[in-house]
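Step one of this worksheet: look at the structure below.
The values are calculated or read from the model by the stated rules, or taken from the named source; none is laboratory data. Computed from a predicted model, the values in this text were never measured in an experiment. Positions of Cβ are generated from backbone atoms using ideal geometry, with glycine treated the same way; all protein chains shown enter the neighbour counts. We work out accessible area using only protein heavy atoms, side chains counted, and drop any ligands, DNA or RNA first. Shrake-Rupley method; radii C 1.70, N 1.55, O 1.52, S 1.80 Å.
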Amino acid sequence: MAARLNTSLHNALSLLNPFNTPLSTKPFYSRNSSFRFSKKFQSSSGKRALYCTSSFGSQENGVDGAETFVLTTPLYYVNAPPHMGSAYTTIAADSIARFQRLLGKKVIFITGTDEHGEKIATSAAANGRNPAEHCDLISQSYRSLWKDLDIAYDKFIRTTDPKHEAIVKEFYTRVFANGDIYRADYEGLYCVNCEEYKDEKELLENNCCPIHQAPCVARKEDNYFFALSKYQKPLEEILSQNPRFVQPSYRLNEVQSWINSGLRDFSISRALLDWGIPVPDDDKQTIYVWFDALLGYISALTEDNEQQNLETALSLGWPASLHLIGKDILRFHAVYWPAMLMSAGLNLPKMVFGHGFLTKDGMKMGKSLGNTLEPFELVQKFGPDAVRYFFLREVEFGNDGDYSEDRFIKIVNAHLANTIGNLLNRTLGLLKKNCESTLVVDSTIAAEGVPLKDTVEKLVEKARTNYETLSLSSACEAILEIGNAGNTYMDQRAPWFLFKQGGDSAEAAAKDLVIILEVMRIIAVALSPVAPCLSLRIYSQLGYSVDQFNSISWNDTKWGGLKGGQVMEQASPVFARIELNPEKEEEEKKPKVGKKTGKAKVKVEQTPTVAEA
Ligand code: MSP
């Protein structure tokens, strides 16, 4: 039996690899198989053991034959409107989704709001609203921020949606039928902000939660419990055989050490709280907010006009390829959630990636600590591309990163306005002046024997690998290097000078412009997951229509897209430099001791968003 369990787990584990990159363990399995955990056999020790059955050919391919890539952000608590920390996960997810779409995958990008629980009920009351009204309002503010930030999600799930409630109840019933739910008294220290009972040893002085710096409260309740401890061994095996399940790799140790320290059953209902989904067959209790919200990743898959039950939802895209979360909620996703799924006999997601925190003065930026950065303000001031680019480029995905306006302005001006925007502007200016804005030859012909082409091809490959491994900052870096290579080429070739010389030199200069514009085209495609509006503006200036831009794929990063005869648009800045206020500029000129930070101003181009355009 043990051998069978090991082989079966191994089979399932090989499918937990979302990007089909080589696993450290052999063997290879078909992408089309899907494995499901069930609990039918007794192990030799008398305990029920997990085994896997395989079925072929359904989940992995969309209707049109394209591979499906399902990714999720956490469902955000609606205790307060979004802050930059919440926006960060979603920006990263959107870039990954856009990249996967460029690869031709059928992407289902899920986000939404987590609306039940004590924390929400309390904040609704504090704002003098009833919980439902409060949730409507805050949930809507998330949607509008996603619009402002050009987030192209496919599904937005609210945990107060009746279709979600139905699926949670069905899931609970399955787990119950499996013998993993029992009733008991519980006494412990509760952090309302985490919505979690805490171990005393994890707490700071005065029983303060280390994340929220607020004291936990003593609670005693008669609750329903989930038998997490039964899944200790299967979880250990999953993680040891498929270490890629938790990413980045350095987070795996943390998860393994929680598990190794011994898993304890956890309470999955609340007796004293109305604002939640009633426990099936016991309406005196409501389901614990995490046991409810995690199911949003499945209920989100349903279509409004279809039958809404667990099986239908699962058939529409489960298991998820990637759960993108912050490191504070890793335990819920890498320990509780897989155990819950195993208990219900469902497939596990393929990967959980825990990114770091945006911090302010070294502390996690958050609603509870009140040290947040206003994302609406930031987008209004600097535009979505700058905000998206800055956080993805500046914060290595996985690590923490501190925000400073000075750094923001420096990075965005140097990379987007200068390296990329200026290069396009100068080149189009020269093309207008010397070639009537028309390309003289195909970019493939222009680049014959030109080493820049190879450099660009290598950097594009680097960007692709980095996107694939979720090294988003390095992907941006590789793309910027393409821009740097283009600028160097421009400076070395000095086409403005060659044009003046006329004859062969002018002909060569006209080819140089084609080469640089081809570089710009490739940058636009490669950068589109991160800065979609900027990419669209570049593409439009290269003479393409919005429809043409909307149908680009990663293949379009290959050299050779621009053809002779193509007419370019008038040069106009695709990314306006952020200018410091006069007050700030004065400050900048003064000696740098005890300097106050002033405010910055920017003229961001008013261009339609990709979705609107
Ligand atoms: N509702 C739960 C998630 C349930 S998922 C089924 C929750 N919500 S949250 O609103 O508190 O946090 C949502 C996400 O935002 C988490 O991944 C969290 O890590 C992230 N962030 C919140 N503040 C953050 C920063 N300051 N920096 C980066 N991400 C942060 O947890």
Going through region 472-491 in order, the residues found to be within 16 Å of Val525 (Cβ to Cβ) and either open to solvent by less than 10 Å² (accessible area, probe 1.4 Å) or not in a helix (DSSP H, G or I) (or both) are Ala475, Cys476, Ala478, Ile479, Ile482, Gly483, Gly486
When both residues are 6+ apart or on different chains and their Cβ atoms are under 7 Å apart, which pairs have a first residue that lies in region 189-210 and is under 16 Å from Phe266 (Cβ atoms), and a second that is of a type in the set (Val, Ile, Thr) and modelled with pLDDT under 85?
Cys194/Ile211
In region 531-556, what residues are polar (S, T, N, Q) and open to solvent by 10 Å² or more (accessible area, probe 1.4 Å)?
Ser540, Gln541, Ser545, Gln548, Asn550, Ser551, Ser553, Asn555
Tell me, yes or no, whether region 337-346 has at least one residue that is surrounded by fewer than 21 Cβ atoms within 10 Å (Cβ to Cβ), small (Gly, Ala, Ser) and outside any helix (DSSP H, G or I).
yes
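Here is a yes/no grid of residues against (1) open to solvent by 10 Å² or more (accessible area, probe 1.4 Å); (2) of a type in the set (A, V, I, L, M); (3) in contact with a His (Cβ under 6 Å, 6 or more places away or on another chain):
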| site | (1), (2), (3) |
| --- | --- |
| Ser249 | yes, no, no |
| Trp258 | yes, no, no |
| Val289 | no, yes, yes |
| Ala320 | no, yes, no |
Would you check if there is a residue in region 183-191 being of a type outside the set (A, V, I, L, M), at pLDDT below 95 and part of a helix (DSSP H, G or I)?
no
Within region 276-285, residues within 16 Å of the ligand (Cβ to nearest atom) and open to solvent by less than 10 Å² (accessible area, probe 1.4 Å) come out as Ile277
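Inspect region 119-140 for any residue being open to solvent by less than 60 Å² (accessible area, probe 1.4 Å) and more than 21 Å from Gly296 (Cβ to Cβ) and give the result as yes or no. Let's see the steps before the verdict.
Taking region 119-140 first, the residues open to solvent by less than 60 Å² (accessible area, probe 1.4 Å) are 119-121, 123-124, 131-132, 134-135, 138-139.
So of that shortlist, the ones also more than 21 Å from Gly296 (Cβ to Cβ) come out as none.
Looking for residues that are open to solvent by less than 60 Å² (accessible area, probe 1.4 Å) and more than 21 Å from Gly296 (Cβ to Cβ), one finds none in region 119-140, hence no.
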Residue tally, condition open to solvent by 10 Å² or more (accessible area, probe 1.4 Å) and within 15 Å of the ligand (Cβ to nearest atom), over region 309-318
0
Since Gln100 meets every condition but one in (1) part of a loop (DSSP other than H, G, I, E, B); (2) open to solvent by less than 10 Å² (accessible area, probe 1.4 Å); (3) more than 16 Å from the ligand (Cβ to nearest atom), which condition does it not meet?
(1)
Scope region 108-165; condition in a helix (DSSP H, G or I) and hydrophobic (A, V, I, L, M, F, W, C); matching residues
Ile120, Ala121, Ala124, Ala125, Ala126, Ala132, Cys135, Leu137, Ile138, Leu145, Trp146
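Taking Tyr288, is it within 15 Å of the ligand (Cβ to nearest atom) and touching a strand residue (DSSP E or B) at 6+ places or on another chain (Cβ under 8 Å)?
Working: within 15 Å of the ligand (Cβ to nearest atom): yes; touching a strand residue (DSSP E or B) at 6+ places or on another chain (Cβ under 8 Å): yes.
So Tyr288 passes the test.
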Can you find even one residue in region 90-97 that is modelled with pLDDT under 95, within 16 Å of the ligand (Cβ to nearest atom) and open to solvent by less than 20 Å² (accessible area, probe 1.4 Å)?
no
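Among the candidates Asp282, Asp292, Asp361, single out the residue that is among the acidic types (Asp, Glu) and within 27 Å of Asp154 (Cβ to Cβ).
Details: Asp282 fails: within 27 Å of Asp154 (Cβ to Cβ); Asp361 fails: within 27 Å of Asp154 (Cβ to Cβ).
Testing whether each residue is among the acidic types (Asp, Glu) and within 27 Å of Asp154 (Cβ to Cβ) leaves just Asp292.
Checking the conditions here, which among Gly354, Gly362, Gly370 is within 16 Å of the ligand (Cβ to nearest atom) and under 22 Å from the mean Cα position of the chain (by Cα)? Show your work before the answer.
Details: Gly362 fails: under 22 Å from the mean Cα position of the chain (by Cα); Gly370 fails: under 22 Å from the mean Cα position of the chain (by Cα).
After applying the criteria, what remains is Gly354.
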Scan of region 378-432 for residues that are out of contact with any helix residue (DSSP H, G or I) (no Cβ under 8 Å at 6 or more places or on another chain), within 16 Å of the ligand (Cβ to nearest atom) and acidic (Asp, Glu), ordered by number
Asp400, Asp402
Going through region 63-75 one residue at a time, which ones are surrounded by fewer than 24 Cβ atoms within 10 Å (Cβ to Cβ) and either without any contact (Cβ under 8 Å) to a residue 60 or more places away in the chain or within 13 Å of the ligand (Cβ to nearest atom) (or both)?
Val63, Asp64, Gly65, Ala66, Glu67
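Need at least 2 residues that are of a type in the set (Val, Ile, Thr) and within 18 Å of Lys558 (Cβ to Cβ) per element, so show me which helices (runs of 4 or more DSSP H) inside region 418-471 make the cut, counting only ones lying wholly within it.
Here the list reads 443-446, 451-468.
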Which pairs have Cβ atoms under 8 Å, sit 6 or more apart or on different chains, and link a residue in region 332-348 that is modelled with pLDDT of 95 or more to one that is acidic (Asp, Glu) and surrounded by 22 or more Cβ atoms within 10 Å (Cβ to Cβ)?
Ser343/Asp180
Considering region 194-209, residues that are touching a strand residue (DSSP E or B) at 6+ places or on another chain (Cβ under 9 Å) and closer than 16 Å to Gly326 by Cβ, and then whichever is farthest from the ligand (Cβ to nearest atom), we arrive at Cys209
Residues to consider are Glu396, Glu405; find the one that is among the acidic types (Asp, Glu) and open to solvent by 50 Å² or more (accessible area, probe 1.4 Å).
Glu396
Can you give me the number of residues within region 327-336 that are farther than 24 Å from Arg174 by Cβ and open to solvent by less than 10 Å² (accessible area, probe 1.4 Å)?
1
Would you mind finding the one in Leu203, Leu295, Leu273 that is open to solvent by less than 60 Å² (accessible area, probe 1.4 Å) and modelled with pLDDT of 90 or more?
Leu295
Selection from region 141-169 of residues in contact with a Cys (Cβ under 9 Å, 6 or more places away or on another chain) and open to solvent by 40 Å² or more (accessible area, probe 1.4 Å) yields Arg158
For the list (1) more than 11 Å from the ligand (Cβ to nearest atom); (2) open to solvent by less than 10 Å² (accessible area, probe 1.4 Å); (3) among the aliphatic types (A, V, I, L, M), I need the number of the one condition that Ala300 fails.
(1)
